[in-house]
Amino acid sequence: MAEYKFYEQVNKNFDKAAKYTRFDQGLLNQIKVCNTIYHVTFPIRRDDGRIEVIEGWRVEHSHHKTPTKGGIRYSHKVDEDETMALAALMSYKCAIVDVPFGGAKGGVKISTRQYSETEIERITRRYTYELIKKGFIGPGVDVPAPDYGTGAREMGWILDTYRQMHDDLNAEASVTGKPIQQGGIRGRTEATGRGVYFGIREACAVKEDMDELGLDVGVEGKTFVVQGLGNVGYHASLYMIEAGAKLVGIAEIEGGIYDPEGIDLKGIVEYRKETGSIIGFGNTKELASNKDALELDCDILIPAALESQITGDNAANIKAKIIAEAANGPTTADAHDILKDRGALILPDSYLNAGGVVVSYFEWLKNIQHVRYGRINKRFDESSLKKILKEIENVSGKKFTEKEMENLSHGAEEYDLVDSGLEETMINAYQQISEIRNEHGLNDLRTAAFINAINKIGIMYEQMGIFP
Ligand code: GLU
């Protein structure tokens with residue numbers, strides 16, 4: 001079966017949805033193209049003194065809103081096609097969850113395991129310097145964040161490098177996903193996984209959809225398999241288990257495991273840290289290969305690793321009724337059709353994994369406001385609530401215990417506000433895409449999500465002055 005390259009896959013999904021919009025082909029083409037592509041090579045000195053050439057990209061897919069936003073990926077598989085596809089997905093993702101940014105993505109072609117911490121620091125700082133030189137980073141221009149292979153540590157180096165070269169009041173807003181001490185926000189690390197959970201919860205609350213799949217309403221009692229125990233896969237699993245779902249299988253680089261009785265998530269993460277592998281943990285059984293884990297019997301499959309994991313080759317063997325795309329682009333267009341033909345519910349990446357960029361947006365807002373959420377109103381809210389509770393005591397004669405008083409009068413802190421803002425966003429976005437699905441009589445949330453994105457971005461381009 002012919003498979004398309006990643007950027008083409010994204011555009012195939014786009015074209016499917018574009019038919020349901022009112023825009024002409026010229027405008028649709030403008031939405032689809034990548035506005036700017038920066039490909040850079042630079043030297044770094046390895047710890048042993050050798051010089052090595054490193055290759056990197058930053059793609060700004062759409063300037064219909066600025067800044068553009070998207071993570072930076074470190075992987076030996078990074079190339080221009082992948083970075084373009086991921087940048088385009090960022091534009092659609094931001095539109096779907098009403099985050100007012102255009103989409104971008106960066107990538108550095110390195111296998112992080114082969115470099116020391118100081119080497120990765122040198123690569124990160126030099127890559128940032130190259131972005132600065134060409135105007136591909138800045139609080140109002142283009143704002144990177146973590147992605148596969150990067151995290152708060154790298155974002156901290158990026159900010160520090162940016163700051164050395166810009167005396168900008170808003171410098172902290174030039175990158176998100178930073179350590180808290182450098183202007184990061186509480187809840188960003190777990191945000192993508194938390195958003196994945198909120199999205200699955202929304203989908204599982206729709207009775208008609210669950211009836212069609214032959215499943216009960218709600219997350220509780222459902223079995224799931226996760227591919228990838230990285231930041232996103234781990235946190236999505238954590239919240240699924242907290243809500244009463246059972247983790248029955250895991251796929252990781254080194255192999256796949258299965259236990260129908262349920263796998264202890266924290267236990268396996270510890271075990272993997274000690275042994276370097278998930279194989280041999282507790283009562284789990286080893287599968288012939290990591291790909292086999294995707295084909296296990298379960299209600300929900302959560303691919304939380306890289307793109308093109310579910311393809312025309314294995315889609316027919318996948319038994320999960322719900323495919324929850326925590327990764328970007330895990331399902332190819334052919335695989336999507338095969339899964340849909342047998343009635344699976346696919347929660348598309350462009351919606352489901354948007355929690356990361358939602359909380360990045362909150363972080364950016366925090367940075368340009370120069371104040372932590374909750375700092376100004378927390379104490380005021382608490383004393384107002386205490387006054388109300390005292391009044392209730394006076395009127396009713398009931399006396400609250402100290403603990404009750406404390407719980408009921410708790411003023412919102414940064415984490416509380418971030419979490420409720422994320423929850424609200426994921427609920428609203430789900431409602432928007434399911435309304436579009438129903439309006440067009442579609443049986444496909446991915447197409448509905450793309451229609452939503454195209455409509456929102458298209459309006460921006462219609463209103464834009466096109467210069468001669
Ligand atoms: N890399 C993440 C994503 O693919 C987060 C992007 C961001 O926070 O800007 O959505």
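Quick look at the values:
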| item | result |
| --- | --- |
| Within the range 3-24, tally of residues that are within 19 Å of S308 (Cα to Cα) and open to solvent by less than 30 Å² (accessible area, probe 1.4 Å) | 6 |
| Per-region count, the range 246-285, residues aliphatic (A, V, I, L, M), part of a loop (DSSP other than H, G, I, E, B) and open to solvent by 10 Å² or more (accessible area, probe 1.4 Å) | 3 |
| Strands (runs of 3 or more DSSP E) completely within the range 25-114 that count 3 or more residues being surrounded by 24 or more Cβ atoms within 10 Å (Cβ to Cβ) and within 12 Å of the ligand (Cβ to nearest atom) | 68-74, 102-108 |
| Considering residues of the range 170-187 that are part of a helix (DSSP H, G or I) and open to solvent by 10 Å² or more (accessible area, probe 1.4 Å) only, the residue farthest from P146 (Cα to Cα) | Q181 |
| Selection status of I132, over 30 Å from K285 (Cα atoms) and within 15 Å of the ligand (Cβ to nearest atom) | no |
| Scan of the range 388-445 for residues that are within 16 Å of P348 (Cβ to Cβ), open to solvent by less than 80 Å² (accessible area, probe 1.4 Å) and either at pLDDT below 95 or touching a His at 6+ places or on another chain (Cβ under 9 Å) (or both), ordered by number | D444 |
| Pair list, Cβ under 7 Å, 6 or more apart: the range 188-209 residue closer than 22 Å to R153 by Cβ, other residue outside any helix (DSSP H, G or I) and away from the ligand (no atom under 16 Å from the Cβ) | none |
| Tabulated pairs, the range 40-52, first free of Cβ contacts under 8 Å to residues at least 24 places away in the same chain, second assigned to a loop (DSSP other than H, G, I, E, B) and open to solvent by less than 100 Å² (accessible area, probe 1.4 Å), C-beta under 9 angstrom, 6+ apart or interchain | E52/R46 |
| Given (1) over 20 Å from V359 (Cα atoms); (2) in contact (Cβ under 8 Å) with a residue 60 or more places away in the chain; (3) of a type in the set (V, I, T), index of the condition V99 fails | (1) |
| Scan of the range 132-166 for residues that are among the hydrophobic types (A, V, I, L, M, F, W, C), open to solvent by less than 20 Å² (accessible area, probe 1.4 Å) and closer than 22 Å to R46 by Cβ, ordered by number | I158 |
| Answer residue from the range 115-129, given it is of a type in the set (S, T, Y) and away from the ligand (no atom under 16 Å from the Cβ) and is surrounded by the most Cβ atoms within 10 Å (Cβ to Cβ) among those | Y115 |
| Restricting the range 188-239 to residues that are open to solvent by less than 20 Å² (accessible area, probe 1.4 Å), of a type in the set (A, V, I, L, M) and within 15 Å of the ligand (Cβ to nearest atom), the residue that is farthest from G421 (Cα to Cα) | A236 |
| Within the range 306-372, helices (runs of 4 or more DSSP H) holding 1 or more residues that are within 16 Å of the ligand (Cβ to nearest atom) | 349-352, 355-369 |
| Within the range 331-343, tally of residues that are closer than 17 Å to Q227 by Cβ and touching a residue at least 60 places away in the same chain (Cβ under 8 Å) | 2 |
| Among (1) in contact (Cβ under 8 Å) with a residue 60 or more places away in the chain; (2) within 23 Å of Q182 (Cα to Cα); (3) away from the ligand (no atom under 11 Å from the Cβ), the one test that V143 misses | (3) |
| Checking F380 against (1) open to solvent by less than 70 Å² (accessible area, probe 1.4 Å); (2) in a helix (DSSP H, G or I); (3) touching a residue at least 12 places away in the same chain (Cβ under 8 Å), the condition it does not meet | (1) |
| Single residue of Y271, Y239 found to be of a type in the set (F, W, Y) and closer than 26 Å to E307 by Cα | Y239 |
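Each row is one residue, and each column tells you yes or no for (1) out of contact with any Pro (no Cβ under 7 Å at 6 or more places or on another chain); (2) of a type in the set (D, E, K, R).
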position: A288; (1), (2): yes, no
position: C298; (1), (2): yes, no
position: A320; (1), (2): yes, no
position: P330; (1), (2): no, no
position: D341; (1), (2): yes, yes
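The values are calculated or read from the model by the stated rules, or taken from the named source; none is laboratory data. These figures come from a predicted structure and were not determined experimentally. Note: ideal-geometry Cβ built from the backbone for every residue, glycine included; neighbour counts use all protein chains shown. Ligands, DNA and RNA are stripped out before the accessible areas are found, and what is left, the full protein with its side chains, is counted by its heavy atoms. Shrake-Rupley method; radii C 1.70, N 1.55, O 1.52, S 1.80 Å.
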